[in-house]
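This report refers to the structure that appears directly beneath it.
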Amino acid sequence: MKIKFGQLLKRLLVAAVRRRLAAAVGVVALLAAVLTGTAVGTASAAPQTAQGAATTQAAPGWVCPGTPIPDGYVVTLRAANGCNGAGAWYIQPVHNGIWVCATSPIPTGYVITLHTANGCNSNIDTWFLETARDGQWVCAGSPIPSGYVLTGHISNACGNIGSWFQQQARVGQYICPGVAAPAGFRTDAYNASMCSGLGGWLLVRA
C-alpha cells in the first residue's frame, strides 16, 4: 500500500504533537503531586505524626510558662527573671534518681520517693523521682504504677507529708484504704489492724 508523501508528513506531525502533549501532561501531573505531597515513591521532608504534623526531637533547655512538656521530659530548674519576667523552666529527659520541680509532669513508670520544700532554684517544692520497684516507700500523692498497691503508711515521712509502702500486687496482701485493686484482683475481707493501723482490704484473684 502506497502512502503519499503529504499523508506521511501529516502522520509524523500528528505523532510528534501527541508525544509533546503526553510529556506536558506528565510534567503537570508530577508538579501537582509534588505540590500536594502525593508523589509516589518520594520521601517527605520530615517525618510525619499520625496527625500529619512534622515531628521534632526535643532537646534540654529553657522554656516559657505554658510550653507543652514533651513525653519523657521533666522540669528541673526555674529562672525567675526568664521569659521577660514571667519565669523560665528548664526541661530535660527523665532518669532514675532526679529532682524535679513541683510543676513538673511525672512520666509513666516513675514515683516520688523524697520531697523538699525549698528547691528548684526558686525555693519551691521539689520531688525526687525513681523508677518504680517492689518494696519501696513513696511520698503521699505519688502516682501508683500499674500492677502496684500500697500496703503500709508512715505519717511523718517524706518531708512530713507522709509516705506509703508500695508493692507489686499479690494474692493475700492487705491494701490500704482508697487503693484500687489492680486488674485481675479484687478486695475481700477487711482487717482494721492492717496498713499501719489505718485498716486494709484482703487482695484476692478476681
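The values are calculated or read from the model by the stated rules, or taken from the named source; none is laboratory data. In this text, all values refer to a predicted model and were calculated from it rather than measured experimentally. Glycine gets a Cβ as well: all are built from the backbone with ideal geometry, and neighbour counts include every protein chain shown. These area figures cover heavy atoms from the full protein model, side chains too; ligands, DNA and RNA do not enter into them. Shrake-Rupley method; radii C 1.70, N 1.55, O 1.52, S 1.80 Å.
Only one of (1) open to solvent by less than 60 Å² (accessible area, probe 1.4 Å); (2) touching a strand residue (DSSP E or B) at 6+ places or on another chain (Cβ under 8 Å) is not met by Pro65, so which one is it? Going through (1) open to solvent by less than 60 Å² (accessible area, probe 1.4 Å); (2) touching a strand residue (DSSP E or B) at 6+ places or on another chain (Cβ under 8 Å) one by one, Pro65 breaks only (1). Against the conditions (1) within 24 Å of Leu77 (Cβ to Cβ); (2) in contact with a Leu (Cβ under 7 Å, 6 or more places away or on another chain); (3) of a type in the set (A, V, I, L, M), Ala169 satisfies every one except (1). On the given criteria, is Thr151 open to solvent by less than 30 Å² (accessible area, probe 1.4 Å) and farther than 30 Å from Ala88 by Cα? Judged against the criteria, Thr151 is a match. Here is a check on your reading of the model: is Asp134 acidic (Asp, Glu) and loosely packed, with under 12 Cβ neighbours inside 10 Å? Answer is yes for this residue.
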